[in-house]
Each structure stands twice: as structure tokens, then as C-alpha cells.
1. Pull up all non-local amide H partners of GLU133: gap of 5 or more, or a different chain, and H-to-H distance under 5 Å with H placed in the peptide plane.
2. Of ASN93, ASN172, ASN45, which is the most mobile in a GNM of the chain whose springs link Cα atoms less than 10 angstrom apart?
3. Tell me, Kirkwood radius of the range 1-56 from alpha-carbon pair distances, in Å?
4. Peptides 81-91, 47-57, 129-139: what's the order by average Cβ count within 10 Å, highest mean first?
5. How large are Rg and Dmax for the range 89-155 when calculated on the C-alpha trace, in angstrom?
6. With the crude spin-label approximation of a point 7 Å out along Cα→Cβ, what separation in nm comes out for ALA119 versus THR132?
7. Give me the dipole magnitude in Debye, nearest 20, for the chain about the Cα centre, with unit charges on the beta carbon: positive for Lys and Arg, negative for Asp and Glu.
8. Within the chain, what percent of beta bridges assigned by DSSP are antiparallel, to the nearest 5?
Amino acid sequence: MIEIVKLSKTFGTRTLWSDVTRSVSRGEMVALVGPSGSGKSTLLNCIGLLDKPSSGQILYEGKDITGFGPRESRLFRRDVLGYLFQNYALIENADVAANLKVAAAPRRSLRDRSDAAVAEALGRVGLAGRQTEKVHRLSGGEQQRVALARLLVKQPSLVLADEPTGALDHDNATVVVDILREMSEAGCAVVIATHDDRVRDRCDSVFAFQNEAMAA
Ligand SMILES: Nc1ncnc2c1ncn2[C@@H]1O[C@H](COP(=O)(O)OP(=O)(O)OP(=O)(O)O)[C@@H](O)[C@H]1O
């Protein structure tokens, strides 16, 4: 699904990583591991079109996404991509349902059944019936589960997760990884930057970053 071909990233004279060549298949869950500052988030951001590599290609279904213009980038973000961040990236003043409906709004096929999809997703993350609660009143673990439910509503085919369990206790971290695992088993490609060995051990494969280079 995603093929990363000879990808490099430099900042001025500093090479963060170079000649990275990897692929991620549908249904595969991959851990990006390595020391702080080795460039895990930067690679996720390049795949998620939040940053640009200095050279190389990232192919999605054969198309080089690094050359996407604004329209193709918007459609890729809307129709393909789901992001999960350590800090949840929710609309804090809105209620839970509104945060989830944001994920369904751009696509008519999802919008038409968004109430049912929201209820189902909240049930799957253990937050059944919590639609009307304001996000800022929820605990960190609950907020990350809302972010996960938002992914379930959106049904992306590629999930990029940046330290998704970094701020969570063991039980909440387990829920997050269980759901990501379920999404991958349903055919989604999942890429997770993580320092958490338990998350790494639940993945199908591991990309290990070193400082200034990425090794197998
Ligand atoms: N726009 C930029 N200009 C210069 N340096 C940058 C820029 N963006 C990122 N960096 C540097 O690239 C390095 C890699 O950062 P990145 O966040 O990708 O690492 P990471 O492996 O995800 O780290 P952590 O595990 O701590 O989250 C850092 O040293 C960071 O300061």
C-alpha cells in the first residue's frame, strides 16, 4: 500500500535519515522505534503530508504522494489518512459526538449514518453513551479513546500514530493498541512511532531508527 523509496530528510547540513526504503502493506501494523530525535515523527509527518522529504518518493497505490498538489493532498487526508497523536488533537470545547462527527462530515456515505457510527465507535472504545460530554472534562485516557473512536468513524485505510500511548496508563494503552490491531486486521495499514516496548511487541514488524540513519 505504501512504498517508501530512497527517502532522505536533511535540515541544512544535518541529515536526519537517508535512503530509507520500506513498504507497509494493507493489514500490516508497523512500529517505528529509535532514540528521541532520530526522526520517527518526521517520517510520519512526511507520509501524512505535514512535512516534505528532501529526496525520494512515498508511493501510495503506485502514486508519489510527495508530489501531490493541494487538491490531491486534501483528498488523501480526507479519504485515506487517519492520524492519532499523543496529545489527542481533539476540539476541547466541543462535546464527544461533535468531535466524532467531524470525521464523518466530509464524506456523504459516512455522514448519512453518522449518529449510528458515533454510537458504535464509542461502544467499541468503552465510552458508550458519552456523546454529550465536553471533551475538556474527560481524562487523558478517555480523550485518547475519543480520538480512537474518531478514527473508527472515519475508517481510514492508513493510520499514522505518533506516540499514541505516551501519556496513558496501562489499561488505556491496551485499549488503544487493541483497537489499532483490530483496524489493521480489518485491512488498514497502521504505522506507530513508539517508545513503548509493549506497543512494539504487538506490531507485525519493526523499523529501527538510529541517529542519522535508519537500519533494518
Ligand atoms: N523544521 C525543522 N528544522 C530543523 N530541525 C528539525 C525540524 N523538524 C524536526 N527537526 C529535528 O529533527 C529531529 C527529529 O525529530 P523527530 O520529532 O522526528 O524525532 P523523534 O524520533 O520522533 O523523537 P521523539 O522520540 O523524541 O518524539 C529533532 O532533532 C528535531 O529537532
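A short reminder: the numbers here are calculations on the coordinates, not readings from a lab. Source: prediction; values computed, not measured. Cβ: placed from backbone, ideal geometry, glycine included. Neighbour counts: every protein chain shown.
1. Excluding prolines and chain starts, which carry no amide H, the hits are VAL96, ALA97.
2. Among ASN93, ASN172, ASN45, the largest mean-square fluctuation in the Gaussian network model of the chain belongs to ASN93.
3. Numbers: mean 1/r = 0.0843 Å⁻¹.
Answer for the range 1-56: a Kirkwood hydrodynamic radius of 11.9 Å.
4. On the way: 81-91: 18.5, 47-57: 16.7, 129-139: 13.9.
Ranked from most to least packed, the peptides come out as 81-91, 47-57, 129-139.
5. Over the range 89-155's Cα set, Rg and Dmax evaluate to 10.5, 32 Å.
6. Simple spin-label model gives 1.5 nm for this pair.
7. 720
8. Working: 18 of 36 bridges.
Close to 50 percent.
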